[in-house]
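**Student:** Here's a structure for you.
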Amino acid sequence: MVRVTVWNENMVDSYEDVRAVYPEGLHRQIAGFLKENEDFEVRMATMDEAENGLPDSVLENTDVLVWWAHIGHHLVDDGVAWRVQQRVLRGMGLIVLHSGHMAKPFQLLMGTSCTLCWRDGDFERLWTVMPNHPIAKGVGPFVELDVEEMYGERFDVPQPDELVFLGWFSGGEVFRSGCCWYRGLGKVFYFQPGHESNPTYHLKPIQTILKNAVAWAAPNSILPQIDCPQAYPSPEMIRAGKKAE
Ligand code: ZN
């Protein structure tokens with residue numbers, strides 16, 4: 001089983017235009033379709049809970065963390081952000097959605113500002129540019145989003161290790177909308193569609209992409225801690241009964 005935690009800052013969810021699209025909140029919508037995969041054990045966490053919803057008891061039992069956030073990035077405790085980064089380096093998968101591009105753990109893992117430009121209310125055609133990638137399985141050459149927020153370049157992130165989706169907007173902009181990075185032993189996927197007042201997470205192709213992303217990001221194992229550097233004896237030294245200095 002892949003232990004998935006869907007994390008939401010849970011702030012814009014009370015807005016009328018968001019409730020009209022996601023009456024139960026974004027995290028419940030996302031967790032709802034992820035649960036359709038019987039290999040996923042899905043729980044939810046929100047920022048207003050103790051330790052921002054990510055105490056060790058939750059984080060240390062999470063294989064893949066899905067992160068939706070928008071206006072409350074600064075309210076996430078620095079220590080929590082650091083713990084998320086460290087767990088990714090030890091093997092946990094991290095899926096960062098839409099306006100989560102400015103989330104503290106994502107910025108820590110990227111090492112850049114992660115800024116971009118935006119304009120809501122555009123048409124987006126999301127092109128699959130790496131159809132052989134596991135996250136693109138069953139998606140087709142493109143997905144059309146009648147209404148989505150334009151995110152435009154330059155997206156201040158390191159060059160992705162794998163670029164799976166490229167967004168094109170009717171305003172003329174393009175954007176690296178589906179990016180993969182490997183950080184330590186962990187995998188990170190950033191996915192641009194998913195503005196809170198647009199019905200994006202109701203769309204089957206988007207749900208397929210995110211289910212695929214969780215499966216891709218799931219680790220074989222997660223290290224209990226990052227080993228401290230030390231002098232290691234070679235197998236020959238061990239055979240000869242010698243110690244490393
Ligand atoms: Zn947005």
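The values are calculated or read from the model by the stated rules, or taken from the named source; none is laboratory data. Here the structure is a predicted model, which means the values were calculated and not measured. Here Cβ is always computed from backbone atoms with ideal geometry, including for glycine, and neighbour counts include all displayed protein chains. Keep in mind that these areas ignore ligands, DNA and RNA; they rest on the heavy atoms of the full protein, side chains included. Shrake-Rupley method; radii C 1.70, N 1.55, O 1.52, S 1.80 Å.
**Student:** Let me know the charge dipole size of region 1-49 about its Cα centre in debye, to the nearest 20, where only the beta-carbon of Lys, Arg (+1) and Asp, Glu (-1) is charged.
**Tutor:** With Lys and Arg at +1 and Asp and Glu at -1, about 100 debye.
**Student:** Rounded to a whole number, what % of the accessible area of region 111-191 do carbon and sulfur atoms account for, probe 1.4 Å?
**Tutor:** Values: 2070 of 3630 Å².
That fraction is 57 percent.
**Student:** Work from the charge dipole of the chain (Cβ charges, +1 for Lys and Arg, -1 for Asp and Glu, about the Cα centre) and give the residue of 182, 10, 30 farthest towards its positive end.
**Tutor:** Among 182, 10, 30, the one farthest towards the positive end of the dipole of the chain is 182.
**Student:** Oh, and also: Calculate, for residue 125 and residue 20, the FRET efficiency according to 1/(1 + (r/R0)^6) with r their C-beta to C-beta distance and R0 35 Å; round to the nearest 0.05.
**Tutor:** Numbers: r = 25 Å, r/R0 = 0.71.
Calculated transfer efficiency: 0.90.
**Student:** What number, in percent, do you get for the relative contact order of the chain if the mean sequence gap of Cα pairs under 8 Å and at least 6 apart is divided by its residue count?
**Tutor:** 20 percent
**Student:** Another question, if that's okay. So which of 137/187; 35/137; 104/137 end up more than 27 Å apart, counting from Cα to Cα?
**Tutor:** Working: 137/187 18 Å; 35/137 18 Å; 104/137 30 Å.
In this structure, 104/137 exceed 27 Å between Cα atoms.
**Student:** With both bridge residues required to lie in the chain, what share of the DSSP beta bridges run antiparallel, to the nearest 5%?
**Tutor:** Antiparallel bridges make up about 55 percent of those DSSP assigns within the chain.
**Student:** Still on this model: Order the peptides 120-126, 5-11 from the highest to the lowest mean number of other Cβ atoms within 10 Å of their residues.
**Tutor:** 5-11, 120-126
**Student:** May I ask you to give the solvent-accessible area per residue for the chain, in square angstrom, as obtained with a 1.4 angstrom probe?
**Tutor:** So the chain comes to 47 Å² accessible per residue, rounded to a whole number.
**Student:** So which aspartates and glutamates can residue 211 reach, going by Cα to Cα under 18 Å and dropping same-chain residues fewer than 8 places off?
**Tutor:** Straight-distance partners of residue 211: 36, 38, 39, 41, 63, 162.
**Student:** Rounded to whole Hz and in sequence order, give me ³J(HN,Hα) for region 204-221 from the Karplus expression 6.51 cos²θ - 1.76 cosθ + 1.60, θ = phi - 60°, writing x for Gly and Pro.
**Tutor:** 4, x, 5, 5, 4, 4, 6, 5, 4, 5, 5, 4, 5, 6, 5, x, 5, 7
**Student:** Based on the mean of other Cβ atoms within 10 Å per residue, sort peptides 128-134, 39-45 so the most packed one is first.
**Tutor:** Listed from highest to lowest mean packing, they are 39-45, 128-134.
**Student:** Give the angle, between 0 and 90 degrees and rounded to the nearest 10, that separates the Cα long axis of helix 78-90 from the longest principal axis of the Cα atoms of the chain.
**Tutor:** 70 degrees
**Student:** Quickly work out the residue 228-to-residue 82 label distance, labels modelled 7 Å from Cα along the C-beta direction, and quote it in nm with one decimal.
**Tutor:** It is 1.7 nm.
**Student:** Report the paramagnetic label zone for residue 204: residues of region 20-47 whose backbone N is under 16 Å from a point 7 Å from Cα along the Cα-to-Cβ axis.
**Tutor:** Counting backbone N atoms under 16 Å from the label point, the list is 33-34, 36-37.
**Student:** With a point put 7 Å past each Cα toward its Cβ, work out how far residue 238 is from residue 147 in nm, to one decimal.
**Tutor:** Label at residue 238, label at residue 147, 6.2 nm between them.
**Student:** Between residue 163 and residue 57, what length comes free when the chain is fully extended (0.36 nm per residue of separation minus the Cα-Cα distance, one decimal in nm)?
**Tutor:** Stretched fully, the residue 163-residue 57 segment lengthens by 34.8 nm.
**Student:** Only Lys, Arg, Asp and Glu count, each charged at its Cβ (+1, +1, -1, -1), so figure out the dipole size of the chain about its Cα centre, rounded to 20 debye.
**Tutor:** I would put it at about 1000 debye.
**Student:** Now for a different question. Between residue 245 and residue 174, what FRET efficiency follows from the Cβ-Cβ distance if R0 is 51 Å, with the result rounded to 0.05?
**Tutor:** Here the calculated transfer efficiency is 0.40.
**Student:** Using packing as a proxy for protection, rank 58-70, 157-169 so that the peptide with the highest average count of other Cβ atoms within 10 Å comes first.
**Tutor:** The packing order, highest mean first, is 58-70, 157-169.
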